[in-house]
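Below is one structure, written out as structure tokens; comments come after it.
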Amino acid sequence: MRDELLTGAENTWCPGCGNFGILNAVKRAVSALEERGIGRDRLFMTACIGCHAKIFDYLSLSGVYALHGRSVSVAQGVKLANPDLKVLAFTGDGAGYGEGIAHLLFAAKRNADITVIVHDNGVYALTTGQRSPTSAAGFEGPSTPQGNEEDPFNPLVLMLAAGATFVAREFSARIDELSGIISAAVEHDGFSLVEVLQPSVTYSNTYEEYGAAVDTVREPAATLDDALKLARQKERLPSGILYRVERPSHGTRLYGDRNPVAGHPSRDKRLERVNALVSS
Ligand SMILES: Cc1ncc(C[n+]2csc(CCOP(=O)(O)OP(=O)(O)O)c2C)c(N)n1
Ligand code: SF4
Ligand SMILES: [Mg+2]
């Protein structure tokens, strides 16, 4: 029987890749959101370029493929153009934390109401295993044959410091937990960062390491300082929603309760409303 949330495109991920867990978790989250009143017609996705981005080919949702590292900027544009949509931006550690880091920081700073899902495999996988911003020190790949001489970023600390109002981490193998986090992130009114620990079986097989290190966080931290403490832990990897706080989102601060595209107006009417907004 055809899975209606899949496009039917041939899947070219390596067998065992952590991306399968993410795809399954997203599918479950979409079904849960539908049951809670957020239909598929209100969901929109953007994706970068990389192994992670192939999720765009497999998942049957409306969306736009962006350039490498630009799914977050395109997602913000889509959200501003149609505030009714819930926008999911898929990105990788190379795309999101490397080439597109400025977009990510500013989306968090302005509390853009989008959900960013980072497939963090600690490697530039599609281009055959170069080190990325989250590769461990000593990581050996084609660009670092003697071992990575740099230390990795802590993306959760970066995102918390930039002003993200929803920050979560989960292991791609924990599909139930991950799908719950993704649906909560989509429902959150503001910028959500879901960092997914995603083994690349071909270039960085971290299943055992993550399986042994993840610790479930039952409640988000009560303060930003507590969330930063959780995010800084290195031996154990607290997983779940680490931080969630309410703050007016970018669109709300920009538009108030006005929605320039409400009711599917004609192009002329839309332009008229947008012009009225920007000149008011
Ligand atoms: C602007 C631009 N820069 C570089 C590339 C080459 N490129 C394509 S995929 C990729 C690596 C992607 O790594 P990551 O974002 O971590 O995704 P993964 O493949 O690991 O899922 C790179 C460097 C590109 N396509 N476009
Ligand atoms: S190279 Fe790594 S990230 Fe890419 S599909 Fe294969 S296992 Fe997954
Ligand atoms: Mg990667």
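The values are calculated or read from the model by the stated rules, or taken from the named source; none is laboratory data. Being a predicted model, the structure only gives us computed values, none of them experimental. Here Cβ is always computed from backbone atoms with ideal geometry, including for glycine, and neighbour counts include all displayed protein chains. These area figures cover heavy atoms from the full protein model, side chains too; ligands, DNA and RNA do not enter into them. Shrake-Rupley method; radii C 1.70, N 1.55, O 1.52, S 1.80 Å.
For the stretch 1-18, enumerate the residues that are crowded, with 19+ Cβ neighbours inside 10 Å and touching a helix residue (DSSP H, G or I) at 6+ places or on another chain (Cβ under 6 Å).
Initially, the stretch 1-18 is screened for residues crowded, with 19+ Cβ neighbours inside 10 Å, giving 13, 17-18.
Within the stretch 1-18, TRP13 is the sole residue that qualifies.
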Checked pairs for the stretch 186-203, first under 17 Å from GLY96 (Cα atoms) and within 12 Å of ligand 3 (Cβ to nearest atom), second modelled with pLDDT under 95 and open to solvent by 10 Å² or more (accessible area, probe 1.4 Å), C-beta under 8 Å and 6 or more apart or across chains, list as none
How many residues, within the stretch 90-140, are touching a His at 6+ places or on another chain (Cβ under 7 Å), within 8 Å of ligand 3 (Cβ to nearest atom) and either open to solvent by 40 Å² or more (accessible area, probe 1.4 Å) or not in a helix (DSSP H, G or I) (or both)?
2
Total residues in the stretch 261-280, condition without any contact (Cβ under 8 Å) to a residue 40 or more places away in the chain and either at positive phi or surrounded by 12 or more Cβ atoms within 10 Å (Cβ to Cβ) (or both)
10
Scanning the stretch 230-280 residue by residue, the ones that are assigned to a helix (DSSP H, G or I) and within 21 Å of GLU177 (Cβ to Cβ) total 2
Residue that is surrounded by the most Cβ atoms within 10 Å (Cβ to Cβ), among those in the stretch 34-54 that are more than 16 Å from ligand 2 (Cβ to nearest atom) and within 29 Å of GLY122 (Cβ to Cβ)
THR46
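State whether one or more residues within the stretch 28-36 are farther than 27 Å from ASP113 by Cβ, free of Cβ contacts under 8 Å to residues at least 24 places away in the same chain and among the charged types (D, E, K, R).
The answer is no; no qualifying residue exists.
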Criterion first (touching a residue at least 24 places away in the same chain (Cβ under 8 Å), in the same structural domain as ARG232 (by TED's automatic domain parsing) and within 13 Å of ligand 2 (Cβ to nearest atom)) does TYR97 satisfy it?
no
Could we say that ASP84 is in contact (Cβ under 8 Å) with a residue 24 or more places away in the chain and open to solvent by 20 Å² or more (accessible area, probe 1.4 Å) here?
yes
THR206 at pLDDT 95 or above and either among the acidic types (Asp, Glu) or surrounded by fewer than 17 Cβ atoms within 10 Å (Cβ to Cβ) (or both)
no
